[in-house]
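Notes follow the structure.
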Amino acid sequence: MKRINYLASFLFAAIILSSCGGLDKMKEEASNLKYNVTPKVLEMHGGMVKFTINGDIPAEWFNKSAIVEFTPVYNYNGGEVVGETKTFQGEKVEANNKVIAFETGGAIELPGEFKYEEPMRKGELSVKVVASVKDKKLELGSLKVADGIISTPLLVQVDPKAITFPDNFQRVKAESKVADIHYVIQRSDVRKTELTSDDVKELEKFVKETTEKTEKEFKGIIISAYASPDGPEKMNERLSEERKKSADQYLAKVVGKAKMNKDDVTALYQMKSTAEDWDGFKKLVEASTIQDKDIILRVLSMYSDPVVREKEIKNISATYKVLADEILPQLRRSDIVVNVETTGFSDEQLLDFAVNKPDTLNIEELLYAGNLAQTNEDKAKIYAAATVKYPGCFRAWNNLGYTNMKLKNIAEAKANFEKANEIKSGDPIITNNLGVIALLNGDKENAEKLFLESTDAGKSVNYNLGILKVMAGDYEAAVNYFQDFKSFNTALAMLLAGKNDSAMKTIDVVEEECVMNYYLKAVIAARIGNEGIVLENLKTAIEKKAELKEMAKTDLEFRAYFANDTFKSLVE
């Protein structure tokens, strides 16, 4: 019995030693494992870092009794991110993991992703391997597979475009006043009773103001004299001409025609006469409720000869008396139209009044002056004055919000836009501007919702949506939204979408001066492989903003130049 027990103990110890030896062998040969990472350099897109590690397990490495855990780990200054562990097993293990054959080896795949944070830009991705046989566990080591993360999408400029409302200011305003003088049948003299009518009094007041105020100028006076279409045509021709003259004589005294030179009179006055006003007659009949109205209109459509028309209408005896009493007297008249242009304040006057005496200006003048102002401080003062005088004007509140946004007063701008929205809810311009505030406050979800609701506001909304698409990692959509803009963000989106040549052409024509234009051009050139453009633009960017040294020094976009002496001299 003792010999049997000794033999059993010996076999058990041999098994244990064999197992330990197997793990040790795996550890010694762990360096033979090969890994490939896709992408080869980690990249951040849409706030996430995604990768796939493909491993090649060599033949005769994977112990038949072993279970091996592979774990991606990203280490960076200040922390680490541990990825999902994938477990594989040898051929003799009874479990549900993927089997790696001892004789042939095999392939493993380790997908991973994690949320990006700025300190992670510089770090290392490794694969940690732990093997076990029964109760024995041994760390086989970690192997670095990638350095750092490219975070070029973070260069996006969060500069959404707010929109202002235009003013309706007109420096030169056209005004007109109309009056008519009525005559007794077969007469052409202007009666005193006609000169006391309200429209004639208003006309005289209008003319008087024009002659007294230097900012007002006569632009045209039109006298149209008419005779009613009853009676002989020759007589009506004479009457209409005489009525034209009498109306002119009256108006000449009011306007001061005698003081004008002949050329001014010729340019100013237009006079015409109509012997028989059949058009006016037809309009009055159409608007009336007189008996046989349709018959009269039918006569007018059937006959063009005025004599025949008059005869046929007179044959409708009962109706003709109504025409003679109610319609025809209205046609015996002279219409007078006086056209005037009023020239408003000069730009200098408007700016002075808007800043110092805003109560003297109307809303259109205030909005126009706000646009004229050279500084955002003056603009804000003018628009604020407009909201005080015209608190119900959504344009004033919106434009004040726009100016506060330019002044970096985001909380005030938000309140201004919300007030504008209270007055005119759902207006696409205001909705866009609320989206701008949401984006500046980091609320990307609400910003996108508001931008999509405000597409009728114009191209600025597309630009704003383009910014969001870059942030989301949807670069093709961003390029599409930016297509009407030659901007830094347009070039960046093209680069991220793999359109390197288009990105370079675009950054070359960006008009807005910005130090980051040079930095981005260096990045584009690095992807294209143009060393000269890389170093030239990086040098300019660093000269203009020394802080870019540290950024470029660890930016993996420039990894091909880390050993370049000129590059090192720029970033040291």
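Work out the FRET efficiency for residue 291 and residue 253 from their Cβ-Cβ distance, taking R0 = 56 Å, and round it to the nearest 0.05. Let's see the in-between values first.
Working: r = 43 Å, r/R0 = 0.78.
Plugging the Cβ-Cβ distance into 1/(1 + (r/R0)^6) gives 0.80.
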Treat the count of other C-beta atoms within 10 Å as a stand-in for reagent exposure and order 243, 171 from fewest to most. 171, 243
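How much length, in nm to one decimal, is gained on full extension between residue 85 and residue 343, taken as 0.36 nm per residue of separation minus their Cα-Cα distance? It would help to have the intermediate numbers written out before the result.
On the way: separation 258, 0.36 × 258 = 92.88 nm, distance 7.97 nm.
Using 0.36 nm per residue and subtracting the Cα-Cα distance, I get 84.9 nm.
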Could you name the lysines whose alpha carbon sits less than 19 Å from that of residue 321, not counting residues in the same chain fewer than 8 places away? 282, 283, 293, 311
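Helix hunt in the chain: which complete DSSP H runs extend at least 24 Å axially by C-alpha with mean Kyte-Doolittle at least -0.5?
Working: long enough: 2-28 (39 Å, 0.48); 233-255 (32 Å, -1.33).
Helices meeting the criterion: 2-28.
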Could you run the Karplus curve 6.51 cos²θ - 1.76 cosθ + 1.60 with θ = phi - 60° over the range 268-274 and give me ³J(HN,Hα) per residue in whole Hz, x for Gly and Pro? 8, 8, 10, 9, 8, 10, 10
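Restricting attention to the range 486-559, which GluC sites (Glu not before Pro) occupy a DSSP loop and are surrounded by at most 10 other Cβ atoms within 10 Å? Please list the in-between numbers first.
Working: sites: 511, 512, 513, 531, 536, 543, 547, 550, 557; in loops: 511, 512, 513, 547.
When the GluC sites (Glu not before Pro) of the range 486-559 are filtered for loop state and at most 10 Cβ neighbours within 10 Å, 511, 512, 513, 547 remain.
Using just the helices of the chain, give the 222 nm mean residue ellipticity in deg cm²/dmol: DSSP H runs with n ≥ 4 each add -39,500 (n - 2.57), and the total is spread over all residues, rounded to 500. Provide the component values of the computation, followed by the final result.
Values: 24 runs with 275 residues, N = 572.
So the helix-based figure for the chain works out to -14500 deg cm²/dmol.
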Determine by what factor the alpha-carbon radius of gyration of the range 94-246 differs from 2.2 N^0.38 Å, reporting the quotient. 3.24
Candidate aspartates and glutamates - alpha carbon under 18 Å from residue 25, same-chain residues fewer than 8 apart omitted: 56, 60, 69, 91, 103, 135, 139
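If the only charges are +1 at each Lys and Arg Cβ and -1 at each Asp and Glu Cβ, what is the size of the charge dipole of the range 306-360 around the Cα centre, to the nearest 20 debye?
Details: 7 positive and 10 negative charges, 159 e Å.
About 760 debye.
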Arrange 292, 147, 277, 198 by Cβ neighbour counts within 10 Å, fewest through most, would you? 198, 147, 292, 277
Excluding residues fewer than 8 places away in the same chain, name every one of the lysines whose C-alpha is closer than 24 Å to that of residue 245. 177, 192, 201, 205, 208, 219, 234, 253, 257, 259, 262, 272
Counting other beta carbons within 10 Å of each residue's own, what order do 397, 61 fall into, fewest first? 61, 397
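Please go through the range 488-572 and write out the trypsin sites (Lys or Arg not before Pro) that DSSP classes as loop and that have at most 16 other C-beta atoms within 10 Å. Kindly include the intermediate steps, with their values, before the conclusion.
Details: sites: 499, 505, 521, 527, 539, 544, 545, 549, 553, 559, 568; in loops: 499, 545.
Listed in order of number, the matching sites are 545.
Bear in mind these aren't lab numbers, they're just calculated from the coordinates by the rules spelled out. Here the structure is a predicted model, which is why all the values come from computation and not from measurement. Heads up, the Cβs are rebuilt from the backbone with ideal geometry, glycines too, and the neighbour counts pull from every protein chain shown.
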